[in-house]
Structure formats: structure tokens, C-alpha cells
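Everything below concerns the one structure shown next.
The values are calculated or read from the model by the stated rules, or taken from the named source; none is laboratory data. As the structure is a prediction and not an experimental result, all values here were calculated from the model. Note that each Cβ is placed from the backbone with ideal geometry, even for glycine, and that neighbours are counted across all protein chains shown.
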Amino acid sequence: MKDSQNILLQSTSILSLLLWFKVIGVNVALGLKKFLSAERAPEDDVYGMTTENSEVSEKAKEDTNRAQRIVNNDGENIPYVMALTWGAVLCLLNRSSDDERFEAQKWAHVSAYAIFVVARCAHSISYWFSFPVLRTSSYMIALLASIAIAVNAVIATFD
């Protein structure tokens, strides 16, 4: 495989791994918040924190709710864009890597995916710390990056 194709695959792989680590981190944070707010499943009573624990603060409940919303939002967006991104890789690899357009499209793909990953991380952080303007901005940037990935893939199939 040529170096240019390797860069495409390696970059997409690394960015996917980073994004997956972010998803895992958010899910672990949700589990911790559920533990602290006594919202674990009843069979998890081995920890001594049942859902009937009345000493849980409202802040702990709010934090759990916020963490759940972050996980839900990730689940509504990230899997689709990851599938789209890897489909785009297939579209790009289907063309000749000797073509000058391939180089431009490869870097457009990698750049758009990197922007998506950074924006999704910023979205989770801004959601967690209640920064609504940054949260909305990062969501929109990630959305535009995902559209760029899709459009680039379509262009690659017609060139």
C-alpha cells in the first residue's frame, strides 16, 4: 500500500481511537455519577448504595442527569459519523493514490475528521461545565465537519 493511503488509514484509525476513548471516558463518568447519586440498578446493592438512598443531594442527581445527557448525545451522533468516516475511507481508497486530487481529498478527510473529534470533545466538556454557547458551537462545528466528510466521499466516487 502506498504511503499516502497509509496516512489516510493511520490518521483515521488514530482519530477513531481517540474518539472511542472519549466515549469510554464519558460512560465511565456516568457510571460514577450513578453510583454517587444512588441510581445504580437494584442488583448493584452490593455497593451499599440503593436507589432508595434518601441522603443523595440534588447536585448529585443533577450531575447524573447531565452525564446521562452527554452519553445520550454521543450515542445519537458519534456512531453514525464513525461509520460514515470509515465508509468515506473506502470511497477514497477506491481511487488512484497517484492522482493529485486524492491528496487533496485525503487531507480534507483527515482534517474534517480531526475537527469532528476535537469538536465532540469540546462539546462534552462544555456540556459538563454548563457552557451553552460553546456547547452549541462545538455541536455545529462537528455537524459541519461530518457533512464535509460525507460530501468529500461523494466527490471521490464521481471523480
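Key figures
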read-out: Residue, farthest from Gly25 (Cα to Cα), within segment 84-116, restricted to residues that are in contact with a Phe, Trp or Tyr (Cβ under 9 Å, 6 or more places away or on another chain) and not in a helix (DSSP H, G or I); value: Ser96
read-out: Test set (1) assigned to a loop (DSSP other than H, G, I, E, B); (2) in contact (Cβ under 8 Å) with a residue 40 or more places away in the chain; (3) β-branched (Val, Ile, Thr) - Val81 fails condition number; value: (1)
read-out: Condition met for Thr136 (hydroxyl-bearing (Ser, Thr, Tyr) and surrounded by fewer than 18 Cβ atoms within 10 Å (Cβ to Cβ)); value: yes
read-out: Top-ranked residue in segment 123-133 [being of a type in the set (Ser, Thr, Tyr) and surrounded by 18 or more Cβ atoms within 10 Å (Cβ to Cβ); ranked as nearest to Asn77 (Cα to Cα)]; value: Ser124
read-out: Counted residues, segment 117-129 - those being more than 22 Å from Ser13 (Cα to Cα) and either assigned to a helix (DSSP H, G or I) or in contact (Cβ under 8 Å) with a residue 60 or more places away in the chain (or both); value: 4
read-out: Matching entry among Met49, Met1 (being modelled with pLDDT under 90, surrounded by 13 or more Cβ atoms within 10 Å (Cβ to Cβ), out of contact with any Leu (no Cβ under 6 Å at 6 or more places or on another chain) and not in a helix (DSSP H, G or I)); value: Met49
read-out: Members of segment 1-35 found to be of a type in the set (S, T, N, Q) and free of Cβ contacts under 8 Å to residues at least 60 places away in the same chain, listed by number; value: Asn6, Gln10, Ser13, Asn27
read-out: Residue within segment 124-134 that is under 15 Å from the mean Cα position of the chain (by Cα) and closer than 21 Å to Asn6 by Cα present; value: no
read-out: Verdict on Asn72 being surrounded by fewer than 17 Cβ atoms within 10 Å (Cβ to Cβ) and at pLDDT 95 or above; value: yes
